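Novice: This structure is in structure tokens; I'll ask about it shortly.
The values are calculated or read from the model by the stated rules, or taken from the named source; none is laboratory data. Here the structure is a predicted model, which is why all the values come from computation and not from measurement. Positions of Cβ are generated from backbone atoms using ideal geometry, with glycine treated the same way; all protein chains shown enter the neighbour counts. What goes into the accessible areas is simple: the full protein's heavy atoms, side chains included, and nothing from ligands, DNA or RNA. Shrake-Rupley method; radii C 1.70, N 1.55, O 1.52, S 1.80 Å.
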Amino acid sequence: MTHVIRRKSKAEPAPATTLFLFGAHGDLVKRLLVPALYNLKRNGLLGDGLRIIGVDHNAISDEGFAQKLEDFIRGEMAGKGDHTLDPAVWSKLAKGISYVQGDFLDDSTYQALAAKIADSGTGNAVFYLATAPRFFSEVARRLGAAGLLEETPEAFRRVVIEKPFGSDLQTAEALNACLLKVMTEKQIYRIDHYLGKETVQNILVSRFSNSLFEAFWNNHYIDHVQITAAETVGVETRGSFYEHTGALRDMVPNHLFQLLAMVAMEPPAAFGADAVRGEKAKVVGAIRPWTIEEARANSVRGQYAEGQIDGKALPGYRQEDKVAPDSNTETYVALKVMIDNWRWVGVPFYLRTGKRMSVRDTEIVICFKPAPYAQFRDTEVDELQPTYLRIQIQPNEGMWFDLLAKRPGQALKMDNIELGFAYKDFFEMQPSTGYETLIYDCLTGDQTLFQRADNIENGWRAVQPFLDAWQQDSSVQSYAAGENGPKAGEELLTRDGRVWHRLG
Ligand code: BG6
């Protein structure tokens, strides 16, 4: 029998390509991208024709750049189980590493890149913009002007960018327009790193390759859905970025809406990029646009104050580096959204994300409606505990059904029991930075896990009423570090007769 899941058949090394890493001295390159390339190389998924070229303004030699990456990765791996850098694998990868010193806004940089492609032996090139977002449009425009985005039947040219894709609907549309002036949608790979996570990809596989899910995956059986991304970290060194961003922009139109789309989308006609992305764009586009009043009533903004996590005293957000002492930026947001389509009408989706919460936990909880009739002596339907399916994205990857079962004994008593699947119990987990699949898919031309322009714009369209409402009233509710958000975040559910699933 043939399986249509496209990843099954993928084991071929990616084609010869010149991969330019703009922002070569930044954290993304050394912490995530180059280690992911190393992991792909170790797994035989990169051919010898891959050349990695760092592009940045600092001066460094080719060897110096390769050495710097090697030292960093060695340091990162030190002391982490038996994962050591294999010198044979690294030296093969390092053979293809070089560096171009140049200003992103200077045309001569692009001439140097053209020269690199010309002597690479392949016309294939990927330009990975691991830069601050303010460079996206400018770099794309210059790549276009230098003719570097012109494809031929033999050679592809691709551009990778990672969120933020704008900071509201208008800026997102402007960025898309600017990119699409110099390249086609097929050349753009917009990364949302949540789609690189195995458990996120598994949502589609579980839903669409096990027929039992489809039987109850609708408003007849599902009462509501909760999507949570709780973090224990604060803003760390990113105060100045976060001050202008906040939890809503940072997490909702991108990561949380991707999770929502995976849960709520219709089955695609095929597991190809167009079909999958089309369904995702449709469901995000079906999120009801709240009026300003509704957006205010269906959202909660919180900000962490001083507190403790695991006995460690932590400062409040306003005391963090590069944060205004009277800042009203939200570090927590909880929202209620409705999806106006046949499958989900009447099923609220509650979303929350926050920094400095009690535990790290990214999870989706599908809460089922109670049984319609209490069969058992002395039980009332409203006494039955809710049952649910919990899909945990991190840290414990897996899924668990929480169901009711009879407690042994003569009395008829019920208890919640768990049926579960943890990734680590079934599969050998490979060391991964989460970027391996995304990089491999970009090199092999599979856009399924990348965001299309309409998906991005639909996300911002759903978020815009909250931004507009908060412009009029930007007050935030305080919660102590180590608490799971402000009280109002709980009330968003209790007023509907529901409660958040306990974290952790
Ligand atoms: C990033 C946000 O996109 O995602 C960060 O900018 C956040 O603020 C991070 O901490 C969360 O990612 P993960 O993979 O740790 O859940």
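Novice: Per-residue accessible area for I203 at 1.4 Å probe radius, Å² rounded to 10?
Specialist: 10
Novice: Shifting gears a bit: Can you flag which of K197/K322; K92/K424; K413/K487; K282/K336 are past 21 Å Cα-Cα?
Specialist: Flagged as over cut-off: K197/K322; K92/K424; K413/K487.
Novice: Moving on to the next point. Straight-line reach from K181: which lysines have Cα under 23 Å away, leaving out those fewer than 8 places along the same chain?
Specialist: Here the lysines satisfying the reach criterion relative to K181 are K163.
Novice: Ordering D441, D274 by accessible area with a probe of 1.4 Å, largest first, what comes out?
Specialist: Accessible-area ranking of D441, D274, largest first: D274, D441.
Novice: Note the angle between two axes, namely the Cα long axis of helix 453-472 and the longest principal axis of the Cα atoms of the chain, as a number of degrees from 0 to 90, rounded to the nearest 10.
Specialist: Computed tilt is about 60 degrees.
Novice: If I take all pairs of Cα atoms in region 18-162, what percentage of them are more than 23 Å from each other?
Specialist: Here the long-distance tail beyond 23 Å is 34 percent of all Cα pairs in region 18-162.
Novice: Please state the relative contact order of the chain as a whole percent: Cα pairs under 8 Å, 6+ residues apart?
Specialist: 18
Novice: With a 1.4 Å probe and every protein chain kept in, tell me what percent of the accessible surface of region 244-356 is carbon plus sulfur.
Specialist: In region 244-356, the share of accessible area belonging to carbon and sulfur is 53 percent.
Novice: Cut-off under 16 Å on the C-alpha distance; same-chain residues fewer than 8 positions from K312 excluded. Which lysines are left, in chain and number order?
Specialist: K355
Novice: To the nearest 10 degrees, how steep is helix 107-118 against the longest Cα principal axis of the chain, on a 0 to 90 scale?
Specialist: Result, in degrees: 80.
Novice: Quick one: dipole size for the chain, taken about the Cα centre, charges +1 on Lys/Arg Cβ and -1 on Asp/Glu Cβ, in debye to the nearest 20.
Specialist: In total the dipole reaches around 600 debye.
Novice: Ok, one more. As a test question: what accessible area, to the nearest 10 Å², does M265 have when a 1.4 Å probe is rolled over all protein chains in place?
Specialist: In the full protein context, M265 sits at about 0 Å².
Novice: So with the 1.4 Å probe, I'd like the accessible area per residue for the chain, rounded to whole Å².
Specialist: 45
Novice: Can I ask one more? Heavy atoms of the protein only, probe of 1.4 Å, neighbouring chains included. What is the accessible area of M77 in Å², nearest 10?
Specialist: 40
Novice: How long are the three semi-axes of the equivalent ellipsoid for the chain, computed from the Cα gyration tensor as the root of 5 times each eigenvalue, in whole Å, largest first?
Specialist: 41, 26, 23
Novice: Something else: What does the extension gain come out to for F72 and K186, with contour length at 0.36 nm per residue minus their alpha carbon separation?
Specialist: Extra length from F72 to K186 when fully extended: 37.7 nm.
Novice: Can you give the translational diffusion coefficient of region 195-494 in µm²/s, computed by Stokes-Einstein from the Kirkwood radius over Cα pairs at 4 °C and 1.567 mPa s?
Specialist: For these conditions, the coefficient is 62 µm²/s.
Novice: Could I ask something else about it? Would you calculate, for the chain, the mean residue ellipticity at 222 nm contributed by helices, counting each DSSP H stretch of 4 or more residues as -39,500 (n - 2.57) and dividing by all residues, to the nearest 500?
Specialist: Calculated at 222 nm, the ellipticity per residue is -9500 deg cm²/dmol.
Novice: Could I ask something else about it? How far is helix 273-285 tilted, in degrees, relative to the longest principal axis of the Cα atoms in the chain, given as a value from 0 to 90 rounded to the nearest 10?
Specialist: The answer is roughly 50 degrees.
Novice: Also, quick follow-up: If I compute solvent accessible area with a 1.4 Å probe over the protein chains, what percent of it on region 432-478 is carbon and sulfur?
Specialist: That share works out to 39 percent.
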